[in-house]
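The values are calculated or read from the model by the stated rules, or taken from the named source; none is laboratory data. The model shown is predicted, which means the values in this text are computed figures rather than measured ones. For neighbour counting, all protein chains shown are included, and Cβ atoms are generated from backbone atoms with ideal geometry for every residue, glycine included. Only protein heavy atoms, including side chains, enter the accessible area calculation; ligands, DNA and RNA are left aside. Shrake-Rupley method; radii C 1.70, N 1.55, O 1.52, S 1.80 Å.
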Amino acid sequence: MINLVIMSKSLNSIYAVQYDPKEEFLHGIIAISARKALEKEKINSLEKLSDYSEKEIMELHGFGKNTMIKLKDYMKEHQVFFKEA
């Protein structure tokens, strides 16, 4: 678990945020809008992602060509692939 301290521009508001990278599926790989779309579909692992076709994922809000390229590269690194359409 990593503790982060975030300060606002006024420096009056300082609060701590607990962030656990293991809980953020694909954090730093794809944009938050695409991650939220996956979360909405209850896709929170590469194993679950492999149950979908590339076309099905592309239909989700937040997914475009660049996001898909990043996602497919990440999946390939982990030897996980989309199901055949």
### Message
Testing the spin-label approximation: label points 7 Å from Cα along Cα→Cβ at Leu46 and Glu59. State their distance in nm.
### Response
2.6
### Summary
Of every hundred units of 1.4 Å-probe accessible area on the range 21-82, the number belonging to carbon and sulfur atoms, as a percent, is 48
